[in-house]
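**Student:** Got a structure here, written out as structure tokens. Questions coming.
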Amino acid sequence: MPRPAPGRRADYAWFTRLDLRFNDNDVYGHLNNAVHYQLFDTAVAEWQAGAGFATGAGTPWLDLVVESGCRYIGEAAYPDKVDAGLRLGRLGNSSWSYEIGLFRNSDDSAFAEGFFAMVLTDFESHRPCPLPDEIRALFERLRPGS
């Protein structure tokens, strides 16, 4: 089965620059595969903080990761700079998915692409709850071209 082409920068709606560290390299001299997930997580956390989407202690909600994945396409290594692109994947009643592309230096094609499928839950019960309109509006800004 042929693999899909890697995403391009234009396929993503929001970006942040993330620095690699020397210890992010593995014994083979490239980015350790677990670091990809750390970069995905940092990009999502930076977007959420900047967008004002807070969950956890002090809020009525908790957002839970229910599935994640990564497609490794190319290599990166310290001292490369990484631009993480973020876009909205699926948007449901109480769930959504973030799609993240990692771009090495000024490359236009992603060297890795990942996703987090999320569910908004009540903070106390951890039961799914509908996405409020204000949160849904935040996610709409993650559609490319919006």
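**Student:** Quick one: what pairs do we get from the stretch 74-88, first residue closer than 11 Å to ASN25 by Cα, second in a strand (DSSP E or B), C-beta under 6 Å, 6+ apart or different chains?
**Tutor:** ALA76/LEU31; ALA76/ARG104; ALA77/ASN25; ALA77/LEU31; TYR78/ASN25; ASP80/ARG104
**Student:** Restricting the stretch 20-53 to residues that are among the charged types (D, E, K, R) and assigned to a loop (DSSP other than H, G, I, E, B), which is surrounded by the most Cβ atoms within 10 Å (Cβ to Cβ)?
**Tutor:** Checked the stretch 20-53; the qualifying residue surrounded by the most Cβ atoms within 10 Å (Cβ to Cβ) is ASP26.
**Student:** Continuing with the same structure: Being among the polar types (S, T, N, Q), surrounded by 12 or more Cβ atoms within 10 Å (Cβ to Cβ) and more than 26 Å from ALA5 (Cα to Cα) is the filter here; which residues of the stretch 54-77 pass it?
**Tutor:** THR55
**Student:** Let me ask something else. Could you count how many residues in the stretch 100-112 are assigned to a strand (DSSP E or B) and surrounded by fewer than 23 Cβ atoms within 10 Å (Cβ to Cβ)?
**Tutor:** So the answer is 2.
Throughout, read-outs are computed from the coordinates displayed, never taken from laboratory work. Because the structure is a prediction, the values reported are computed rather than measured. Please note: Cβ atoms are built from the backbone with ideal geometry, for glycine as well, and neighbour counts cover all protein chains shown.
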